[in-house]
Amino acid sequence: MAKAVTNSLTKKHRRVSDIVLKALIFLSSGIVVALTLGMIIYIAVKGTEGMSLNFLTTPAFSYPYENYGVLGNIINTLYLVVITLIIATPVGVGAAIYLTEYAKQGRLTRIIEFTTETLAGIPSIIYGLFGSVFFYNIFKVNYSLLTGALTLSIMVLPTIIRTTQEAIKTVPMGYREGAVGLGAPKWHTIRTVVLPSCIDGILTSVILSIGRIVGESAALIFTAGIAAEVGINSLGDIFGKVMNQGGSLTVQLYQYAQRGGAEMKYAFSTALVLLVTVLIINICAKLVAYRIRKKRSV
């Protein structure tokens, strides 16, 4: 008789259900990887049709003069990413530290966490409508990159707060107790022990936020506008541009795709530029995390 299949570690018989479940897990993973690679390859192939040096260096498109470009949209996207992170990251990390380290764990804290999770699921177009009305009526700010960045800051705050909270909770309590035992005050313990230990989780929240910022379009149409000009002619324009309208890469992609026809190839080219931009930003974030870990280990 054939011997039963056993696990060398537990010496128990392998159940058919375990084998089926493992096969389904591998199948699901394979499907996800295949779909992701297929999408990337398809966009890369289609995107090369309209890709050229002129497309990357032209500040704006002139319709109907067949002059297409995304340089202005790339700059606008970088502006939105930088400004949004400057606003949202300190607020989100600070809120996560307060909720995890200082706030008394009770009903109020649970309500705040539930509300934060609910905000993360609100459609972005609602954020756009709120941002256009709120910032225009109260702060009298018209369509601009600043209005778009403020709206995006509200959108990504739930992601930063909840992800940072979970990262802080992974730090062993023994680290805190050891620092307190050595006479370190609470904030010094958080700053020198807790935060460095969970820096990877904090950077993960930032990377997730970057993905949502770069991929957003509906909220930006309501708040930042669709202009594609570079708008930088001098050093002073670098800061003044934040008060100008500016369409991101996703907004420009939407415009190309909406017109269809011959401009669809430029839509795919814009999508390819968008993918490469996200890849570069994520690589830079990973390098920053690596440098921080290396500095901490020295």
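In the stretch 268-298, the qualifying residues are those that are in contact (Cβ under 8 Å) with a residue 60 or more places away in the chain and small (Gly, Ala, Ser), and the one that is surrounded by the fewest Cβ atoms within 10 Å (Cβ to Cβ) is Ala285. Looking only at the stretch 196-214, residues that are without any contact (Cβ under 8 Å) to a residue 60 or more places away in the chain and either surrounded by 18 or more Cβ atoms within 10 Å (Cβ to Cβ) or more than 8 Å from the chain's Cα centre (by Cα) (or both) come to 4 in all. Of all residues in the stretch 206-251, those that are within 28 Å of Thr164 (Cα to Cα), hydroxyl-bearing (Ser, Thr, Tyr) and either modelled with pLDDT under 80 or in a loop (DSSP other than H, G, I, E, B) (or both) total 2.
Each row is one residue, and each column tells you yes or no for (1) farther than 20 Å from Leu220 by Cβ; (2) at pLDDT 85 or above; (3) touching a helix residue (DSSP H, G or I) at 6+ places or on another chain (Cβ under 9 Å).
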position	(1), (2), (3)
Phe61	no, no, yes
Ile75	no, yes, yes
Thr84	no, yes, yes
Pro90	yes, yes, no
Phe114	yes, yes, no
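Restricted to helices (runs of 4 or more DSSP H) entirely inside the stretch 101-186, those with at least 3 residues that are free of Cβ contacts under 8 Å to residues at least 12 places away in the same chain are 107-120, 124-139, 173-181. Taken together, the criteria exclude Ala224 from residues that are of a type in the set (A, V, I, L, M), under 20 Å from Ala257 (Cβ atoms) and in contact with a Pro (Cβ under 9 Å, 6 or more places away or on another chain). In the set (1) modelled with pLDDT of 85 or more; (2) surrounded by 14 or more Cβ atoms within 10 Å (Cβ to Cβ); (3) more than 21 Å from the chain's Cα centre (by Cα); (4) not charged (D, E, K, R), the condition left unmet by Pro185 is number (2). Could you tell me which numbered condition Leu78 fails, if it satisfies all but one of (1) assigned to a helix (DSSP H, G or I); (2) touching a Lys or Arg at 6+ places or on another chain (Cβ under 9 Å)? Status for Leu78: all satisfied but (2). Quick one: is Thr84 surrounded by 14 or more Cβ atoms within 10 Å (Cβ to Cβ), of a type in the set (S, T, N, Q) and closer than 28 Å to Pro185 by Cβ? Criteria not met by Thr84.
The values are calculated or read from the model by the stated rules, or taken from the named source; none is laboratory data. Predicted model, so just to flag it, every value in this text is computed and none were measured. Cβ sites come from the backbone with ideal geometry, for glycine too, and all protein chains shown count toward neighbours.
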